[in-house]
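What follows is a short report on a single structure.
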Amino acid sequence: MILLCLWLMLLALPATAQDLPVLYSVTGLAQGDTLNIRTQPDAGAPILGTLAPDAKDVEVIRLSENKRWGVVNSYDLAG
């Protein structure tokens, strides 16, 4: 199941097309908060799942042109 995008706050520098796929870690979230995996690159899009504030090895397979959203594979979720 391949869906669209997720907004990521990531530890690594922005990747270029030749660097993908790459594994990232979620950063910048308070403990107890989560990062939403969404169906589209829009903060109002339906939520498919969440990532923990300390999630690691989140595979980003593609970035949007503005590099603020990325298509990710995380466990059994893609979005």
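Against the numbered list (1) out of contact with any Phe, Trp or Tyr (no Cβ under 8 Å at 6 or more places or on another chain); (2) over 15 Å from Pro21 (Cβ atoms); (3) aliphatic (A, V, I, L, M), Leu35 comes up short only at (1).
For the subset of segment 41-79 comprising residues that are among the β-branched types (Val, Ile, Thr) and over 20 Å from Asp19 (Cβ atoms), which member is nearest to the chain's Cα centre (by Cα)? Ranking the qualifying residues of segment 41-79, first place goes to Thr50.
Being aromatic (Phe, Trp, Tyr) and either touching a Gly at 6+ places or on another chain (Cβ under 6 Å) or crowded, with 20+ Cβ neighbours inside 10 Å (or both) is the filter here; which residues of segment 52-79 pass it? The answer is Trp69, and nothing else.
Bear in mind that the values in this text are calculations on the coordinates, not laboratory data. This one's a predicted model, so the numbers in the text were calculated from it and none came from an experiment. Glycine also receives a Cβ, built like all others from the backbone with ideal geometry; neighbour counts cover every protein chain displayed.
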